[in-house]
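Following: one structure in structure tokens, then a few remarks.
The values are calculated or read from the model by the stated rules, or taken from the named source; none is laboratory data. These numbers come from a predicted model, not from an experiment. With ideal geometry, Cβ positions are generated from the backbone for all residues, glycine too; neighbour counts draw on all protein chains shown.
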Amino acid sequence: QVQLVESGGGLVQAGGSLRLSCVASGRILSINAMGWYRQAPGKQRELVATITSTGNTNYAASAKGRFTISGDNAKNTVYLQMYNLKPEDTAVYYCNLAQGVGNYWGQGTQVTVSS
């Protein structure tokens, strides 16, 4: 099994910044990609950003220009640096790891942006 542990969430004012971290452990064989998704109350879970093992990144339109995803392959860790946060960014942020036929999720970390 693979375990993902997120950290870095919290309460921040609009315009502020946060950095999320996700550390993967357990039966890690060959990671295809890691990423961040979020789910706001009453809404479906949505993509925020992903990064492949070769460093290719993909962002949701809402994240482009404000969020940066990065990874440390040696540490099996992925980060999400978020700038200029907006109230609509409020959600539970989930880390995701894809390897082979396996798709794994963390428990989520709450990000709340006050106006």
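Scanning segment 74-106 for residues being touching a strand residue (DSSP E or B) at 6+ places or on another chain (Cβ under 6 Å) and of a type in the set (Asp, Glu) gives a total of 1.
Here's the yes/no breakdown for (1) of a type outside the set (Phe, Trp, Tyr); (2) modelled with pLDDT under 95; (3) in contact with an Asp or Glu (Cβ under 9 Å, 6 or more places away or on another chain):
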| site | (1), (2), (3) |
| --- | --- |
| 1 | yes, yes, no |
| 4 | yes, no, no |
| 7 | yes, no, no |
| 11 | yes, no, no |
| 16 | yes, no, no |
| 20 | yes, no, yes |
| 29 | yes, yes, no |
| 34 | yes, no, no |
| 41 | yes, yes, no |
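With respect to the conditions (1) at pLDDT 95 or above; (2) surrounded by 12 or more Cβ atoms within 10 Å (Cβ to Cβ); (3) within 20 Å of residue 2 (Cα to Cα), residue 112 falls short on a single one, namely (3).
Given (1) on the phi > 0 side of the Ramachandran plot; (2) without any contact (Cβ under 8 Å) to a residue 24 or more places away in the chain, where does residue 84 come up short, assuming only one miss? Condition not satisfied by residue 84: (2). Restricting attention to segment 11-44 and to residues that are of a type in the set (Lys, Arg) and more than 12 Å from the chain's Cα centre (by Cα), the residue that is farthest from residue 100 (Cα to Cα) turns out to be 43.
Checking each residue in segment 58-92 for being crowded, with 21+ Cβ neighbours inside 10 Å and outside any strand (DSSP E or B) picks out 85, 89. Could you please find all residues in segment 22-41 being over 10 Å from residue 91 (Cα atoms) and either free of Cβ contacts under 8 Å to residues at least 12 places away in the same chain or part of a loop (DSSP other than H, G, I, E, B) (or both)? Selection gives 27, 28, 29, 30, 31, 32. Please tell me if residue 76 is among the polar types (S, T, N, Q) and on the phi > 0 side of the Ramachandran plot. In short, yes. Applying the condition of being among the polar types (S, T, N, Q) and surrounded by 14 or more Cβ atoms within 10 Å (Cβ to Cβ) to segment 1-52 and asking which residue is nearest to residue 87 (Cα to Cα) yields 39.
Looking for whichever is charged (D, E, K, R) and closer than 22 Å to residue 11 by Cβ here; the options are 43, 64, 75. Which one fits?
On the way: 64 fails: closer than 22 Å to residue 11 by Cβ; 75 fails: closer than 22 Å to residue 11 by Cβ.
From the options 43, 64, 75, the qualifying one is 43.
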